[in-house]
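All remarks here apply to the structure that follows.
The values are calculated or read from the model by the stated rules, or taken from the named source; none is laboratory data. Keep in mind that what you see is a predicted model, and the values were worked out from it rather than measured. Positions of Cβ are generated from backbone atoms using ideal geometry, with glycine treated the same way; all protein chains shown enter the neighbour counts.
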């Protein structure tokens, strides 16, 4: 059986993929199949003719079309299989655009690839990016940015995208007017930035849950292919993705690991330099890296603060799902049947 934590797909430029997995002992032949339709691998149909067969632990596959997303099925001579794809989508204008597929649930199932995505704002996508995203088949896009953010940077995927756009504004730091000061004045008034980020994440649980509950109701309205996003795909989206993974049964440690991938994909060092020249503290001084870095990166304690607040206020996860997210056993089973395999 494949160890999914050791299986990876990486795009090498526009011409090639590198696929890697943990070597079997003794080595066993692995056949590799490719498709631009993940449902081909989730149905009962035969995957077709393999691109190659190897006993190594890595293979390089030519990319036949850099404008579309590809999915891979790996199968051993003993019929052990694994479905794989890139975790991060190769987009110039949205570096933190990711697929939530592939994660293992506590009951042994896995999230389907190509169904649930997360990203930052979409207004910076290039024409090639938009073509790529349109080919994903998105039917629902949930925007967690405030209305002023949505107006300044509209979510546009082009005239051929059939998705429904749902505006679900989340106001991080609402109790201390953090976003109001940032958006309207370009001022960050904070002494303990890391503490503020934990407070913001607790505030998601305390004051922002109706928007996230609505996300799940929209998800249940049909066989949706979902994208959730905010400005950088970090905090508001990070919590939304954590809720989706949690509801589908992914272990909390794996949820934290997914959350931390933002640090790998966002250009945090460059953003620290840029924002230090644009933002000020209350005294009008440029912001220091000591303040900016905890605001721009993600840390385990940020998302753990959400889960701690949920445990603190609800007698069980089931109670939280039912009373806050409006997900009873039937709805939970429906979501799992749709997005797990």
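Brief remarks on what is shown
- Taking each residue of the range 315-329 that is assigned by TED's automatic domain parsing to the domain that holds residue 214 and surrounded by 15 or more Cβ atoms within 10 Å (Cβ to Cβ) and looking for partners that are at pLDDT 95 or above and not in a helix (DSSP H, G or I) with beta-carbon atoms closer than 7 Å, six or more apart or interchain, yields 320/314; 321/327; 322/328.
- Exclusive hit being within 30 Å of residue 23 (Cα to Cα), more than 15 Å from the chain's Cα centre (by Cα) and buried (at least 17 other Cβ atoms within 10 Å of the Cβ), set 132, 71: 71
- Hits in the range 74-88 (condition: assigned to a loop (DSSP other than H, G, I, E, B) and either touching a helix residue (DSSP H, G or I) at 6+ places or on another chain (Cβ under 6 Å) or without any contact (Cβ under 8 Å) to a residue 24 or more places away in the chain (or both)): 79
- Qualifying residue in the range 197-216 (condition: modelled with pLDDT of 90 or more and touching a strand residue (DSSP E or B) at 6+ places or on another chain (Cβ under 8 Å)): yes
- Matching entry among 245, 275, 266, 226 (being farther than 23 Å from residue 90 by Cβ and either touching a helix residue (DSSP H, G or I) at 6+ places or on another chain (Cβ under 8 Å) or crowded, with 19+ Cβ neighbours inside 10 Å (or both)): 275
- Looking across the range 135-160, the residues that are surrounded by 19 or more Cβ atoms within 10 Å (Cβ to Cβ) and in contact with a helix residue (DSSP H, G or I) (Cβ under 7 Å, 6 or more places away or on another chain) come down to 142, 143, 144, 146, 157.
- Being over 17 Å from the mean Cα position of the chain (by Cα), crowded, with 18+ Cβ neighbours inside 10 Å and within 30 Å of residue 81 (Cα to Cα) is a property that residue 332 has.
- The listed residue being in contact (Cβ under 8 Å) with a residue 40 or more places away in the chain, surrounded by 14 or more Cβ atoms within 10 Å (Cβ to Cβ) and under 15 Å from the mean Cα position of the chain (by Cα), out of 254, 305: 254
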